[in-house]
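This report concerns only the one structure given below.
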Amino acid sequence: MNIPITDVSPFATGDTTPVNPEITCSNCQACCCRLEVILLTDTGVPDYLIDEDEWGGEVMRRLDDGWCAAVDRETLMCTIYDRRPQLCRDYEMGSPECEDERKENGLDQ
């Protein structure tokens, strides 16, 4: 499954930084799913996937190895994609932030 990058265009927000169209669902490796995700709005994330951080804020539950508990380990795809947090919706595949995270995880040079 490939999700078109144009569905979440950064140009709608005034950001003209281009995204890398070579990064797709089939090769992204879900690096961003190792980052802490703060729940800022209610998108319908199931309660069993929500934890409380050290300051009392709601965050996505992460497993002992640091991965988001909502990620399917076989496909590396989000099991609650339609109900994913706003922060996940805003973190654009192929964006400069995505590319930085991929480099930090040894996927790109």
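In segment 37-98, inverting the average of 1/r over every pair of distinct C-alpha atoms gives 12.3 Å as the Kirkwood radius. Once each part is reduced to its C-alpha centroid, what is the distance from segment 23-59 to segment 63-87 in angstrom? Rounded to whole Å, the Cα centres lie 7 Å apart. Each of E101, E22 has some number of other Cβ atoms within 10 Å of its Cβ, and from fewest to most they run E22, E101.
With a simple spin-label model that places each label point 7 Å from the Cα along the Cα-to-Cβ direction, the separation between D51 and D90 comes to 2.2 nm.
Any read-out appearing in this document is the output of simple, stated calculations on the displayed coordinates, not a laboratory observation. As the structure is a computational prediction, the values presented were derived from the model and not from experiment. Heads up, the Cβs are rebuilt from the backbone with ideal geometry, glycines too, and the neighbour counts pull from every protein chain shown.
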